[in-house]
Amino acid sequence: MLSKAFIPYGAYWSTPFCRWQGSLAEQHSVELAALVAGDFLAARKLDPRSFDAVLLGLTVPQRHGFYGAPWLAGMLGAPDATGATISQACATSARVIASAAAEIELGQHECVLAVACDRTSNGPHIYYPSGSAPGGRGASEDWVWDAFSHDPFARNAMIETAERVAREGGFTKEQQDEMSLLRYGQYEQALAGDRAFQRRYMFPVALRRGKKVVATVDADEGVHPTTAEGLAKLRPVQEGGSVTFGTQTHPADGNAGLVVCSAQRAAELSRDRAVRVRLRSYAQARVENGMMPKAVAPAARAALARAGIGIRDCRAVKTHNPFAVNDLLFCREMELAAEVLNRYGSPLVYGHPQGPTGIRLVVELVEELAQAGGGWGLMSGCAAGDTAMALVVEVG
C-alpha cells in the first residue's frame, strides 16, 4: 500500500478530447501539452520551477519526441527538472502516475509533474530500412492504424479482442447497445448545468499562430448523439460479429496532467486544503493472449488487494472502456450494477487519445469522490493485447 504520495486537490487538468482529424489534428502533441501545462500553471499561480521531476507519457511518436520529458519541462518553464518518457499503450497514464507515486514513496522526489499527451490524428508513417532485403527495400508501418489493426503476438486486431470476449461471455449486440446508451446518458450528466462537472477539471486549449490565439477548444469534440433506435440500426463492423461503431470508442487527440507530491507539498498546492487526495495502490494484470477486455477485472482486484479494501468499499469506479464489452464483463466479474461505473461518462463516449486517457479518468474519479464527500475510488482499464492496469485513490 502507498502512504506518502498525494495529489493536491485541483492541481490537475484535462483538455477536451477532440475527434480524429478534428481541431487538434495539426498540433504537435508534446508542444501542445507544454503550452497547455504552462497556461494551467499560470492560471493556478503554480511555479513550474517548484517541480523537481517531470514525467511524460506518450504512445504516438512526434517530431523531436526523442528528447521527451526534459524537452517538455524546458518548454513549460522548468529547465532544471528532468525525468522519463513512458509508454505502455493505453495504460500509459496509469504507469506515469504509478511511477510518480513510487518516486515520492521512495523519497527520490518531493513534487512531480506528470503529463500525458497523444495525437492519434495524422499518425507517423515509419520506414525501417533493411540492407539485406531484396533490392535493399525495408518494411514500413502506419504507427497508429497498424497498432489498432495488428497485435504481433496475438495476431489479431483490437476489435477482435472484444469479439472474442463477447463470444466467450455470451454478450449480445443488444446488451452492448444498452451499455453504450447508458454510458452516453451518464456523459450527459457531466454536461448538465453548462458542463458544471467538466468545468471542475477541464482546461481549454488555446490554439496559437505565433503568439496570437486564433481559436479556443473548450469542450469535447466528436461525441455522437446516441439513441436506442440509432444503435439498433448499426450493423457489426465484422461479418458475423456483434461490435458496432456505436459500441466502441473513437480515436482522439488531447492531453492531461496532474501533480504527485508529498503530504506537505499537497497541502501547499491544493485548491482546497479540506480535501486530501492520496494515491493508495496500483497493479497490473495479464490474461490469455488477445483477450484484452478480460484483463481489467484482475488488475482491479490486485490493486484493491494491495490497498487492503474490496470493491464494495469504493464509492466511485471509473473504467477505460474502448468497447462496451469491457464494462459488461467487468460488471459481471466484479458483481456491480452497470450504473455504478462511470457516473459522468467514460472513453467509450468521449474518445480515446491513448496516453492521457487514464489521467482524465483519475481526475474525474477524484472530482466525483470530492463531490460525494470523499471515500475510496478505483480506476481500471485495459492496455492493448491482453493486459490492464488499475489505481486506487482515497479522497478524505
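The values are calculated or read from the model by the stated rules, or taken from the named source; none is laboratory data. The structure presented is a predicted model; accordingly, all values stated were derived computationally and were not measured. When we count neighbours, we look across all protein chains shown, and the Cβ atoms used for this are built from the backbone with ideal geometry, even at glycine.
List of remarks:
- Test: residue in segment 23-43 that is in a strand (DSSP E or B), modelled with pLDDT of 95 or more and in contact with a Lys or Arg (Cβ under 7 Å, 6 or more places away or on another chain): no
- 1 or more residues touching a Leu at 6+ places or on another chain (Cβ under 8 Å): qualifying strands (runs of 3 or more DSSP E) within segment 94-157: 111-119
- Residues that are assigned to a strand (DSSP E or B) and either crowded, with 24+ Cβ neighbours inside 10 Å or of a type in the set (S, T, N, Q) (or both), drawn from segment 1-20: 6, 7, 12, 13, 14, 18
- Among the residues of segment 165-197, those identified as surrounded by fewer than 18 Cβ atoms within 10 Å (Cβ to Cβ), in a helix (DSSP H, G or I) and of a type in the set (Gly, Ala, Ser) are 169, 185, 192, 193.
- Among the residues examined, residue 293 qualifies as over 22 Å from residue 198 (Cα atoms), touching a Phe, Trp or Tyr at 6+ places or on another chain (Cβ under 8 Å) and part of a helix (DSSP H, G or I).
- Applying the set (1) part of a loop (DSSP other than H, G, I, E, B); (2) buried (at least 19 other Cβ atoms within 10 Å of the Cβ) to residue 241 leaves exactly one unmet item: (2).
- For segment 217-238, filtering for residues that are over 19 Å from the mean Cα position of the chain (by Cα) and either in a loop (DSSP other than H, G, I, E, B) or modelled with pLDDT under 95 (or both) leaves 9.
- Residues being touching an Asp or Glu at 6+ places or on another chain (Cβ under 9 Å) and surrounded by 21 or more Cβ atoms within 10 Å (Cβ to Cβ) - total across segment 266-284: 3
- Taking the criterion of being in contact with a Lys or Arg (Cβ under 7 Å, 6 or more places away or on another chain) and more than 25 Å from residue 176 (Cα to Cα), the only residue of segment 339-367 that qualifies is 367.
- Output for segment 132-146, where each listed residue is within 21 Å of the chain's Cα centre (by Cα) and surrounded by fewer than 20 Cβ atoms within 10 Å (Cβ to Cβ): 143, 145, 146
- Listed by position, the helices (runs of 4 or more DSSP H) contained in segment 310-396 that have at least 1 residues being of a type in the set (Lys, Arg) are 324-334, 357-371.
- Candidates 37, 43, filtered to the one that is among the hydrophobic types (A, V, I, L, M, F, W, C) and surrounded by fewer than 17 Cβ atoms within 10 Å (Cβ to Cβ): 43
- All of (1) free of Cβ contacts under 8 Å to residues at least 24 places away in the same chain; (2) assigned to a helix (DSSP H, G or I); (3) over 21 Å from residue 120 (Cα atoms) hold for residue 67 with one exception: (3).
- If only residues of segment 208-223 that are in contact (Cβ under 8 Å) with a residue 24 or more places away in the chain and not aliphatic (A, V, I, L, M) are counted, the one that is surrounded by the most Cβ atoms within 10 Å (Cβ to Cβ) is 220.
- Leading residue by the ranking (surrounded by the most Cβ atoms within 10 Å (Cβ to Cβ)) among those in segment 342-380 that are closer than 16 Å to residue 315 by Cβ and among the charged types (D, E, K, R): 364
- Test for residue 58: is it in contact with a helix residue (DSSP H, G or I) (Cβ under 7 Å, 6 or more places away or on another chain), surrounded by fewer than 21 Cβ atoms within 10 Å (Cβ to Cβ) and under 30 Å from residue 307 (Cβ atoms): no
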